[in-house]
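Below: one structure, written as structure tokens.
The values are calculated or read from the model by the stated rules, or taken from the named source; none is laboratory data. From a predicted model like this one, the values you see are computed outputs, not experimental measurements. In this analysis, Cβ positions are derived from the backbone assuming ideal geometry, glycine residues included, and neighbour counts consider all displayed protein chains.
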Amino acid sequence: MSEDAQTKQKLIESAKKDFLKYGYKNASLRRICRSADVTTGALYFFFENKEALFEAVIEKPLGEFRALFDSMVKAEFDDPKAFSETEDIMIRFLLGYRTEMIIILDRSQGTKYEDFKEKYLRTLEGIFTMFFKKFLPEPDLNLIHIITAMRFYGYLEILYGDYSEDEAVDLAQKTGIYADAGFIGLIDTLKKQ
């Protein structure tokens, strides 16, 4: 790796820590440079501003997340039995990019990503609605909203928790089993009403 590439990577790693601890708004370019042991001039050689540095921290994981999410939705919609496999893939992905995902979800105020969590939750709610419509002609949207939030915040609990990868995968699998069984029971009950 060239010296420039090493310097750039040091800045990204330092920024990642600063964004995680302080959030985008309170992150300090001086503190980031000091932590990376580089001058602010070096930072501006690689990044136009704090926003560009933030983008460099999250662009790869966010792009991979979007692609993975889209492929998982298609796989599960085509074959609901694919859920356990996609669940495992997603939790391992989230754990692999734990810091970056927490930054995107909770530390991005002041950036164009500050509403990412809400947008993702609404997207997930739309997907759950389409899925429910495969079984019920008129699903209860309030119920879907609550179920989606339970599922979403369950993932966040695993992401934010201090779990090893094996523990997190095990927890995700067990909550997935619980969700599947609950879904089947719910659909059966609603069809009888």
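Descriptive notes on the structure:
- Candidate set: region 164-193, residues that are among the hydroxyl-bearing types (S, T, Y) and part of a helix (DSSP H, G or I); chosen: the one surrounded by the fewest Cβ atoms within 10 Å (Cβ to Cβ): T189
- Residue within region 82-98 that is in a loop (DSSP other than H, G, I, E, B) and closer than 26 Å to L171 by Cα present: yes
- E48 meets each of the listed conditions (1) charged (D, E, K, R); (2) more than 21 Å from the chain's Cα centre (by Cα); (3) modelled with pLDDT under 95 apart from (3).
- Qualifying residue in region 88-111 (condition: under 21 Å from F128 (Cα atoms), among the acidic types (D, E), buried (at least 17 other Cβ atoms within 10 Å of the Cβ) and in contact with a helix residue (DSSP H, G or I) (Cβ under 7 Å, 6 or more places away or on another chain)): no
- The number of residues in region 114-159 that are under 19 Å from the mean Cα position of the chain (by Cα) and basic (K, R) comes to 4.
- Meeting the requirement of 3 or more residues that are touching a residue at least 40 places away in the same chain (Cβ under 8 Å) and of a type in the set (A, V, I, L, M, F, W, C), the helices (runs of 4 or more DSSP H) wholly within region 1-48 are 3-26.
- Against the criterion of being more than 30 Å from M130 (Cα to Cα) and modelled with pLDDT under 95, D4 qualifies.
- Residue selected from region 154-178 under the condition touching a helix residue (DSSP H, G or I) at 6+ places or on another chain (Cβ under 6 Å) and either of a type in the set (G, A, S) or not assigned by TED's automatic domain parsing to the domain that holds L121 (or both), by the criterion farthest from D88 (Cα to Cα): G154
- Answer residue from region 122-141, given it is closer than 20 Å to F69 by Cβ and among the aliphatic types (A, V, I, L, M) and is surrounded by the fewest Cβ atoms within 10 Å (Cβ to Cβ) among those: M130
- Filter pass, L159 being buried (at least 17 other Cβ atoms within 10 Å of the Cβ), modelled with pLDDT under 95, in contact with a Phe, Trp or Tyr (Cβ under 8 Å, 6 or more places away or on another chain) and within 30 Å of N26 (Cβ to Cβ): no
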